[in-house]
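S.K.: Once you've had a glance at the structure underneath, I'll fire off some questions.
The values are calculated or read from the model by the stated rules, or taken from the named source; none is laboratory data. All values derive from a computational prediction rather than experimental measurement. As a convention, Cβ positions derive from the backbone with ideal geometry for all residues, glycine included, and neighbour counts pool all protein chains shown. To get the accessible areas, we keep the full protein, side chains included, count just its heavy atoms, and leave off ligands, DNA and RNA. Shrake-Rupley method; radii C 1.70, N 1.55, O 1.52, S 1.80 Å.
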Amino acid sequence: MRQHYDIVVVGAGPAGSTAARFAANLGASVALLERDREIGVPVRCAEGVSDSELRKYVDIDPRWIATTITDFGFFSPSGKMVQLLSQANGYILHRRLFDHSLAEIASEQGAEVFTKAYVYNLKRTNNKTTLYLKYIGREREIEADIVIAADGIESRIARFAGIKTKLAMKDIEQCAQMMLANIDVNPNRGDFYLSHNWAPGGYVWVFPKGNNIANVGLGVNGKYAGERSPLEYLESFVSEKFPTATRLTTTAGGVPVTTHLSELVTDGLMVVGDAARQVNPLTGGGISSAMAAGKKAGLVAADAIKKGDTSVKQLKRYQAEWNKTIGKDYKRFHRIKAWTLTLTDDDYEEIADALQGLSPDEVTLTKIFKAAVKNKPSLIIDVMKVFAGF
Amino acid sequence: MIRIDKNRCDLCGVCISVCPVDCIEMTETELSIDEIVCIDCDACVKICPFAALSTVSKE
């Protein structure tokens, strides 16, 4: 570990590793710091991603793919299924291998990777940032021209730099997940269960990983926080639907379901991924958007280093790019998310009834939403714009 | 004050994201709360997905 790097990236998830890779590729000296001993674990993720999004940012390595998803099943509270053919193939990944590879790719581009490197404070003076860290338990200080904060939902690094990152309860899905084995699931269908009894303000997912294994988890919206914990909800679901399953893992986590931070940059600092709240607020998916943000941030950071200007004005290009691309879409998704929080179990049931009898190739997401928004004409435009591209 | 059940805590960091006074710190192996800074708002207790945090009275 050197005393100084052009760019220090804090957090080696998909956002951080992608930022490190693109910045290093343009010749910047880059350190990628991960708090945990190993990159990619523990996996706090349902691991779903679409093929078309993923391949925008990386050559897909078949070892990452647990299974290919060709269909989705939506289950109403009473158990009626609406089946939907996936318009584009999706994957359930092995995040432990995937994240590892992304860090490896960053290192091939010249980034120096360090694990067990925990940053506990920052100080900005004279256009440089000092990072205070514990590296394998020993105090260290390193200096950076630009810090890229990719430290996940807790988002403390940006907070140290004065950016407001605190989340409101309603802007979080609290999640619990088990990887279950010895279960009978469709190996190519991702299932969603919608019901206030299973997961208020969220949904249950059953994402197959092959070999009769699946990620089974759920998100409960934070506005219901304090009633029952997500773990209790998950216990109920699993004991009813998969009573004989073997529980290979049990993890907790949280997903930000809001619009991105109003400040994605400040002098000498950029925020990416979950730390920046760059998650699809409707689905909770964040892998590809983290990589999109990481790429943009890495490129802008390396360019700022070349120009010798790490001011907020220079770094704002990243924020502008985000705002006019995915950021714009997610703002729309966020409006739809706010409306989905008003749906009752009766509404879900009605939607399922309206679509019963259609064959899977007749069911489209647009039809689902049309059935859902029949009493909310103002939302139809948002929904159409979102799904026009699907 | 807030009690942390360290055997139950999964070190996911969600509590940190809702803390209004940034008094929670998490290393690879441990969550800790600075009680001097903590204002006992209970946001962390409510949001914890595993119910690993609880409020205990001060006396």
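S.K.: Looking at A:126, A:121, which is the one that is under 16 Å from residue A:269 (Cβ atoms), open to solvent by 30 Å² or more (accessible area, probe 1.4 Å) and modelled with pLDDT under 95?
M.R.: On the way: A:121 fails: modelled with pLDDT under 95.
Answer to the selection: A:126.
S.K.: Are any of the residues in region A:130-151 within 12 Å of chain B (Cβ to nearest Cβ) and closer than 24 Å to residue A:210 by Cβ?
M.R.: no
S.K.: Please indicate, with yes or no, whether at least one residue in region A:260-272 is modelled with pLDDT of 95 or more, within 14 Å of another protein chain (Cβ to nearest Cβ) and open to solvent by 10 Å² or more (accessible area, probe 1.4 Å). Step through it out loud before you land on a result.
M.R.: Restricting attention to region A:260-272, the residues satisfying the condition of being modelled with pLDDT of 95 or more are A:263-272.
When the remaining residues are screened for being within 14 Å of another protein chain (Cβ to nearest Cβ), the result is A:271.
When the remaining residues are screened for being open to solvent by 10 Å² or more (accessible area, probe 1.4 Å), the result is none.
Within region A:260-272, none of the residues are modelled with pLDDT of 95 or more, within 14 Å of another protein chain (Cβ to nearest Cβ) and open to solvent by 10 Å² or more (accessible area, probe 1.4 Å).
S.K.: What single numbered condition from (1) among the aliphatic types (A, V, I, L, M); (2) open to solvent by less than 40 Å² (accessible area, probe 1.4 Å); (3) part of a strand (DSSP E or B) fails to hold for residue A:88?
M.R.: Exception for residue A:88: condition (2).
S.K.: Next question, about the same structure. Would region A:160-168 turn up any residue that is more than 9 Å from every other protein chain (Cβ to nearest Cβ), over 17 Å from residue A:121 (Cβ atoms) and β-branched (Val, Ile, Thr)?
M.R.: So far as region A:160-168 goes, no, none of its residues is more than 9 Å from every other protein chain (Cβ to nearest Cβ), over 17 Å from residue A:121 (Cβ atoms) and β-branched (Val, Ile, Thr).
S.K.: Going residue by residue through region A:185-197, is there one that turns out to be crowded, with 20+ Cβ neighbours inside 10 Å, outside the structural domain of residue A:297 (by TED's automatic domain parsing), touching a Phe, Trp or Tyr at 6+ places or on another chain (Cβ under 6 Å) and not aromatic (Phe, Trp, Tyr)?
M.R.: For region A:185-197, residues crowded, with 20+ Cβ neighbours inside 10 Å, outside the structural domain of residue A:297 (by TED's automatic domain parsing), touching a Phe, Trp or Tyr at 6+ places or on another chain (Cβ under 6 Å) and not aromatic (Phe, Trp, Tyr): present.
S.K.: Among the residues of region A:280-293, is any at pLDDT below 95, surrounded by fewer than 24 Cβ atoms within 10 Å (Cβ to Cβ), touching a helix residue (DSSP H, G or I) at 6+ places or on another chain (Cβ under 7 Å) and aliphatic (A, V, I, L, M)?
M.R.: Scanning region A:280-293 turns up at least one residue that is at pLDDT below 95, surrounded by fewer than 24 Cβ atoms within 10 Å (Cβ to Cβ), touching a helix residue (DSSP H, G or I) at 6+ places or on another chain (Cβ under 7 Å) and aliphatic (A, V, I, L, M).
S.K.: Residues in region A:205-223 that are within 14 Å of chain B (Cβ to nearest Cβ) and surrounded by 20 or more Cβ atoms within 10 Å (Cβ to Cβ): how many? Talk me through it step by step, then tell me what you get.
M.R.: Within region A:205-223, the first condition is being within 14 Å of chain B (Cβ to nearest Cβ), and the residues that meet it are A:217-223.
Retained after the next criterion (residues that are surrounded by 20 or more Cβ atoms within 10 Å (Cβ to Cβ)): A:217-222.
Number satisfying all stated conditions: 6.
S.K.: Next question, about the same structure. Any chance region A:186-196 includes a residue that's charged (D, E, K, R) and within 14 Å of chain B (Cβ to nearest Cβ)?
M.R.: Initially, region A:186-196 is screened for residues charged (D, E, K, R), giving A:189, A:191.
Right, trim to within 14 Å of chain B (Cβ to nearest Cβ) and you get none.
No, that holds for no residue.
S.K.: If the requirement is being surrounded by 12 or more Cβ atoms within 10 Å (Cβ to Cβ) and more than 13 Å from chain A (Cβ to nearest Cβ), which of these qualifies: B:24, B:33? Full working, then the answer.
M.R.: Details: B:24 fails: more than 13 Å from chain A (Cβ to nearest Cβ).
Matching residue, one of B:24, B:33: B:33.
S.K.: Here's something else I'd like to know. From A:61, A:99, grab the single residue that is modelled with pLDDT of 95 or more, surrounded by fewer than 21 Cβ atoms within 10 Å (Cβ to Cβ) and of a type in the set (D, E, K, R). Steps first, answer last, please.
M.R.: On the way: A:99 fails: surrounded by fewer than 21 Cβ atoms within 10 Å (Cβ to Cβ).
One residue alone meets the criteria, A:61.
S.K.: For the structure I just gave you, tell me whether residue A:241 is away from chain B (no Cβ under 11 Å), open to solvent by 30 Å² or more (accessible area, probe 1.4 Å) and among the basic types (Lys, Arg). Talk me through it step by step, then tell me what you get.
M.R.: Details: away from chain B (no Cβ under 11 Å): yes; open to solvent by 30 Å² or more (accessible area, probe 1.4 Å): yes; among the basic types (Lys, Arg): yes.
Spelling it out, residue A:241 is indeed away from chain B (no Cβ under 11 Å), open to solvent by 30 Å² or more (accessible area, probe 1.4 Å) and among the basic types (Lys, Arg).
S.K.: Here are the criteria: (1) open to solvent by less than 10 Å² (accessible area, probe 1.4 Å); (2) over 20 Å from the mean Cα position of the chain (by Cα); (3) among the charged types (D, E, K, R). Tell me which single one residue A:227 does not satisfy.
M.R.: Failing condition for residue A:227: (1).
S.K.: Checking residue A:36 against (1) assigned by TED's automatic domain parsing to the domain that holds residue A:310; (2) part of a loop (DSSP other than H, G, I, E, B); (3) in contact with a helix residue (DSSP H, G or I) (Cβ under 6 Å, 6 or more places away or on another chain): exactly one of these is not met. Which one?
M.R.: In the conditions (1) assigned by TED's automatic domain parsing to the domain that holds residue A:310; (2) part of a loop (DSSP other than H, G, I, E, B); (3) in contact with a helix residue (DSSP H, G or I) (Cβ under 6 Å, 6 or more places away or on another chain), residue A:36 misses (3) alone.
S.K.: Right, something else. Answer with yes or no whether residue B:3 is assigned to a loop (DSSP other than H, G, I, E, B), touching a residue at least 40 places away in the same chain (Cβ under 8 Å), open to solvent by 40 Å² or more (accessible area, probe 1.4 Å) and out of contact with any Lys or Arg (no Cβ under 9 Å at 6 or more places or on another chain).
M.R.: Values: assigned to a loop (DSSP other than H, G, I, E, B): no; touching a residue at least 40 places away in the same chain (Cβ under 8 Å): yes; open to solvent by 40 Å² or more (accessible area, probe 1.4 Å): yes; out of contact with any Lys or Arg (no Cβ under 9 Å at 6 or more places or on another chain): yes.
For residue B:3, the condition - assigned to a loop (DSSP other than H, G, I, E, B), touching a residue at least 40 places away in the same chain (Cβ under 8 Å), open to solvent by 40 Å² or more (accessible area, probe 1.4 Å) and out of contact with any Lys or Arg (no Cβ under 9 Å at 6 or more places or on another chain) - is not met.
S.K.: A follow-up question, please. What are the residues in region A:308-351 that are in contact with a His (Cβ under 9 Å, 6 or more places away or on another chain), open to solvent by 50 Å² or more (accessible area, probe 1.4 Å) and within 19 Å of residue A:272 (Cβ to Cβ), if any?
M.R.: A:323, A:331 - these are the residues of region A:308-351 that are in contact with a His (Cβ under 9 Å, 6 or more places away or on another chain), open to solvent by 50 Å² or more (accessible area, probe 1.4 Å) and within 19 Å of residue A:272 (Cβ to Cβ).
S.K.: Within region B:38-59, which residues are more than 8 Å from chain A (Cβ to nearest Cβ), of a type in the set (Val, Ile, Thr) and in contact with a strand residue (DSSP E or B) (Cβ under 9 Å, 6 or more places away or on another chain)?
M.R.: Of everything in region B:38-59, those that are more than 8 Å from chain A (Cβ to nearest Cβ), of a type in the set (Val, Ile, Thr) and in contact with a strand residue (DSSP E or B) (Cβ under 9 Å, 6 or more places away or on another chain) turn out to be B:55, B:56.
S.K.: Conditions: (1) surrounded by 24 or more Cβ atoms within 10 Å (Cβ to Cβ); (2) within 14 Å of chain B (Cβ to nearest Cβ). Residue A:235 meets all but one. Number of the miss?
M.R.: Condition not satisfied by residue A:235: (1).
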